[in-house]
1. Restricting to region 85-105, name every residue that is surrounded by fewer than 24 Cβ atoms within 10 Å (Cβ to Cβ) and farther than 17 Å from Tyr339 by Cβ.
2. Can you find even one residue in region 36-47 that is surrounded by fewer than 24 Cβ atoms within 10 Å (Cβ to Cβ) and more than 26 Å from Gly152 (Cβ to Cβ)?
3. Can you name the residue in region 363-410 that is touching a residue at least 40 places away in the same chain (Cβ under 8 Å) and hydroxyl-bearing (Ser, Thr, Tyr) and, of all such residues, is farthest from Ala477 (Cα to Cα)?
4. Considering only region 58-90, state which residues are in contact (Cβ under 8 Å) with a residue 12 or more places away in the chain and in a helix (DSSP H, G or I).
5. Name the one entry in Asp333, Asp309, Asp349 that is acidic (Asp, Glu) and touching a Phe, Trp or Tyr at 6+ places or on another chain (Cβ under 6 Å).
6. Can you name the number of the only condition in (1) aliphatic (A, V, I, L, M); (2) over 24 Å from the mean Cα position of the chain (by Cα); (3) at pLDDT below 95; (4) more than 25 Å from Ser101 (Cα to Cα) that Val335 fails?
7. Please find, among Arg289, Arg218, Arg236, the residue that is touching a residue at least 12 places away in the same chain (Cβ under 8 Å) and within 30 Å of Ala454 (Cα to Cα).
8. Considering only residues that are surrounded by fewer than 24 Cβ atoms within 10 Å (Cβ to Cβ) and either among the aromatic types (Phe, Trp, Tyr) or within 13 Å of the chain's Cα centre (by Cα) (or both), which ones fall in region 124-182?
Amino acid sequence: MSELHHLSTEQLITGLQDKQFSSLELTDHFIKRIDALDGKINSFITHTSETARAQAQAADEMRAQGDMRPLLGVPMAHKDIFCTQGVLTTCGSKMLHNFISPYDATIVTNIDKAGMISLGKLNMDEFAMGSDNSSSYYGSVQNPWNLEHVPGGSSGGSAAAVAAGFVPVATASDTGGSIRQPASFCGLTGIKPTYGRISRFGMIAYASSLDQAGSLGRSAKDCAYLLQPMIGHDPRDATSIKYDMPDYVQDMNEAVAKADDKPFAGLRIGVAKEYFGEGLNTEVNELVRAALQKYEELGATIVEVNITDPEITLATYYMLAPAEASSNLSRFDGVRFGYRCENPKDLTDLYTRSRSEGFGPEVQRRILMGTYALSAGYFDAYYTKAQKIRRIIVKDFADAFAHCDVIASPTVPTAAYKLSENLDPASMYLGDVYTIGVNLAGLPALSQPVGLTANGLPVGLQLIGQHWCESQLLTTAHLFQQHTDHHLQHSAIAKETV
């Protein structure tokens, strides 16, 4: 029982089905670890332990009565960007420090229907704006591999909780790399699906044309198990798209059954020199190149492709995302819900002080950037031009995919940096240079672990797919993980027993 947190999601499902342990025992195991060890990494904002125990007991009773839902009784946790009825939903901000959501996000409802047990809400960069989880009103999150380092952001709490062995899987969201970058920093697999694949209803918006929910787990199969109930059309979300519903786990199993010693025969992996230029850490480059060589050994063909210069993509993203944020966050005015300043003199004072006191520095910075880009006299010069470049980015990806099936790159230019480095905003934004193009184009992408640096920090490889090809990405990573053990390595915190 002491090693339950080292089991994969599939092993937990098998254990529950074979009555090796109950859901209540499993839930108690994870709660005990969270209570004993989360003080070191600060991954949770809100604990729902008592509710979780009640759900686990009910799951055990349903399983005993013949309920065959595979995920019934398996614990997980939600990034605190997803509304959860009756539970504090803060988005990592003082602005929502007292917001008890009156409804569930669609993905929360869907995961509940699958029978999973939520252990609480996970820490994150405030309103998903950040790359190191240091902007949260509830404090920084530490990396379970080395407590002196960041876990990545904005889904840093989700990544840290999984890497620490507090939950087997967790929900996350990705606006410019917020699933993939923390997955890379924490030695996990994380997937951002095609834009429109998962409902955004009940997900607090940062940039509406870029935000997309996804999953984090230790392996591609872990991610697939959680992603399955999350997908599907939702009429409450105008950006949710009706499309074929794949069975990710079944696709993986079928691929493994058919695989020989060259499972990637016929797979063309595109590699763009633009993703391997100046700014890429030497160790990261070596580990990513070694992983690509392993793909070749297993039958894949590496082809050279061209994509938009990442620096142009970066500039485009940091024009459009803040512009959308300035619009989306205008609803937080101190009147309807959330933080309100004390003793306002008049309405203007109420608005001004509530927002300046409720939002942190990074959120205020991005609101101001976005407001400037949308202001009269600058709209055409900045926002409209950025939208035109976005179309070029979409076309460049389409042109690249004419020559390859997936595109591979480093997920992040470096391994996790130290908390004490306190990067300036421009340097922090550069950490998103390889991930943001995917969001601008609405493509699916996945980060998978490919090794450790000399000082024991994880490095990730990014796989980018064509629209609606999540199954291909997950299956590709899964087949790779059948021949490597990077995803089986444990962080320092995960190795601790309680």
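The values are calculated or read from the model by the stated rules, or taken from the named source; none is laboratory data. Model, not experiment: these values are computed from the prediction. Reconstructed Cβ throughout: ideal geometry from the backbone, glycine too, with neighbour counts over all protein chains shown.
1. The answer is Gln85, Gly86, Val87, Pro102, Tyr103, Asp104.
2. No, region 36-47 has no match at all.
3. So the residue we want is Thr371.
4. If the condition is that a residue be in contact (Cβ under 8 Å) with a residue 12 or more places away in the chain and in a helix (DSSP H, G or I), then Ala59, Asp60, Met62, Arg63 are the ones that fit.
5. Result: Asp333 is the single residue among Asp333, Asp309, Asp349 that is acidic (Asp, Glu) and touching a Phe, Trp or Tyr at 6+ places or on another chain (Cβ under 6 Å).
6. (4)
7. The unique qualifying residue is Arg218.
8. Within region 124-182, Tyr137, Tyr138 meet the criteria.
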